[in-house]
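These notes concern the structure reproduced below.
The values are calculated or read from the model by the stated rules, or taken from the named source; none is laboratory data. Please read these numbers as outputs of a predicted model, since none were measured by experiment. Using ideal geometry, Cβ is built from the backbone for each residue, glycine included, and neighbour counts are taken over all protein chains shown. Surface accessibility is based on the protein's heavy atoms, side chains included, excluding ligands, DNA and RNA. Shrake-Rupley method; radii C 1.70, N 1.55, O 1.52, S 1.80 Å.
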Amino acid sequence: MQNELNENGVNVPQFLPYHRALAELLSRQEDGIWAWFASDKLTAQAFDEQRLYLLKSAIRLDEENHAPLYAAAHEVAERLGIDAKVVLHQSMGGSRNAALVYLPDEVNILFEGDILTLLDPQETQCLLAHEMAHYLHQTREGQRHFLTDRMLRWICGEPGAHLAHARSLWLSRLYQEIFADRVALAVSGSRDATISTLVKATTGLQQFSVD
């Protein structure tokens with residue numbers, strides 16, 4: 001994976017060739033379905049569903065009462081060259097995790113469980129950078145990768161889906177996580193913080209050896 005120095009001096013990884021090849025393959029071989037998912041009506045419907053999900057399942061964190069967290073988020077967004085509005089949410093359920101709820105005009109980050117209580121400031125920066133990397137992945141290149149994921153999820157739910165479709169979706173998600181972890185490393189500049197963020201998020205441990 002190649003890196004590219006952005007205007008803010010962050011050596012941000014470029015998108016994986018796998019994702020570009022997958023988008024190209026689907027847009028060429030399944031051009032009718034691709035055009036359907038790319039239609040304005042269906043895209044607007046997907047974003048309406050995302051907004052409804054946030055309203056039903058999360059509490060929006062206001063900037064006044066969560067100033068340090070928002071300050072960290074704004075700093076990460078600036079370093080990654082993201083100029084969209086940042087909105088942070090706490091899930092009303094779910095296990096310990098964080099996720100991006102994708103809307104093209106907002107960076108909506110959803111914290112789940114007690115994840116925020118476990119992380120120190122540098123680890124919080126890593127977590128924010130990881131989720132904003134997902135925003136970059138979904139937004140850039142004309143939202144082609146967002147479209148690819150939606151289309152593959154739909155195909156995998158259809159009776160005629162092939163094992164190759166499920167495998168492609170699995171690999172796409174796996175490589176997105178690798179991309180996001182590399183962005184977290186690029187932003188934080190700390191191997192240890194990047195690793196400890198992952199360990200704390202997945203295990204809840206506070207004491208462990210990063211090495």
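May I ask for the Rg/Rh ratio of the chain, computed from Cα atoms with Rh as the Kirkwood radius, given to two decimals?
Radius of gyration relative to Kirkwood radius: 0.97.
Collect residues whose amide H, placed 1.01 Å from N in the peptide plane, falls under 5 Å from the amide H of residue 103; neighbours closer than 5 in sequence don't count.
Close amide H contacts, sequence-distant or interchain: 108.
Relative to the longest principal axis of the C-alpha atoms of the chain, give the angle of the C-alpha long axis of helix 67-79, reported between 0 and 90° and rounded to the nearest 10°.
Between the helix axis and the principal axis of the chain, the angle is about 50 degrees.
Hey, any idea what % of segment 1-132's accessible area is carbon plus sulfur with a 1.4 Å probe?
50
Tell me the label-point distance for the pair residue 67, residue 36, using the 7 Å Cα-to-Cβ offset, in nm and rounded to one decimal.
5.2
GNM on the chain, C-alpha springs below 10 Å: top fluctuator among 84, 186, 21?
21
With the cut-off at 1.5 for a/c, could you classify segment 77-158 from its C-alpha gyration tensor as rounded, prolate or oblate?
oblate
According to the square roots a ≥ b ≥ c of the eigenvalues of the Cα gyration tensor, what is the shape class of segment 1-115, taking rounded for a/c under 1.5, prolate for a/b larger than b/c otherwise, and oblate for the remainder?
Here segment 1-115 falls in the oblate category.
Using only Cα atoms, find the angle between the long axis of helix 17-29 and the longest principal axis of the chain, and express it within 0 to 90 degrees, rounded to the nearest 10.
Long axis of 17-29 versus the principal axis of the chain: about 30 degrees.
Taking 0.36 nm per residue of separation and subtracting the Cα-Cα distance, what length does fully extending residue 143 through residue 50 add?
Full extension from residue 143 to residue 50 adds 31.9 nm.
Cα axis of helix 144-156 to longest principal axis of the chain: angle in degrees, 0 to 90, nearest 10?
It is inclined by approximately 70 degrees.
Assign unit charges at the C-beta atoms only (+1 for Lys and Arg, -1 for Asp and Glu), then state the dipole size of the chain relative to its Cα centre in Debye, rounded to the nearest 20.
Charge dipole, the chain, about its Cα centre: 600 debye, nearest 20.
Hey, what did segment 131-205 get for relative contact order, percent, Cα under 8 Å, at least 6 apart?
Reported relative contact order: 26 percent.
What's the magnitude of the charge dipole for segment 57-98 around its Cα centre, counting Lys and Arg as +1 and Asp and Glu as -1 at the beta-carbon? Answer in Debye, nearest 20.
Roughly 240 debye, rounded to the nearest 20.
Measure off 7 Å from each Cα along the Cα-to-Cβ vector at residue 163 and residue 74, then give the distance between these two points in nanometres to one decimal.
5.2
Between segment 16-37 and segment 78-143, how many Å separate their Cα centres?
26
Find, among the GluC sites (Glu not before Pro) in segment 36-92, those assigned to loop by DSSP (not H, G, I, E, B) with at most 11 other beta-carbon atoms within 10 angstrom.
64
Please give the charge dipole size of segment 74-177, origin at the Cα centre, charges +1 on K and R Cβ atoms and -1 on D and E Cβ atoms. Round to the nearest 20 debye.
480
At a threshold of 8 angstrom on Cα-Cα distance, excluding pairs fewer than six apart, so keeping six or more, what relative contact order does segment 1-131 reach in percent?
Relative CO of segment 1-131 lands at 20 percent.
Compare the Cα positions of 187, 164, 154 along the charge dipole of the chain (+1 at Cβ of Lys, Arg; -1 at Cβ of Asp, Glu; about the Cα centre) and return the one farthest towards the positive end.
164
By accessible area of protein heavy atoms, probe 1.4 Å, what ranking do 154, 34, 170 get, highest first?
170, 154, 34
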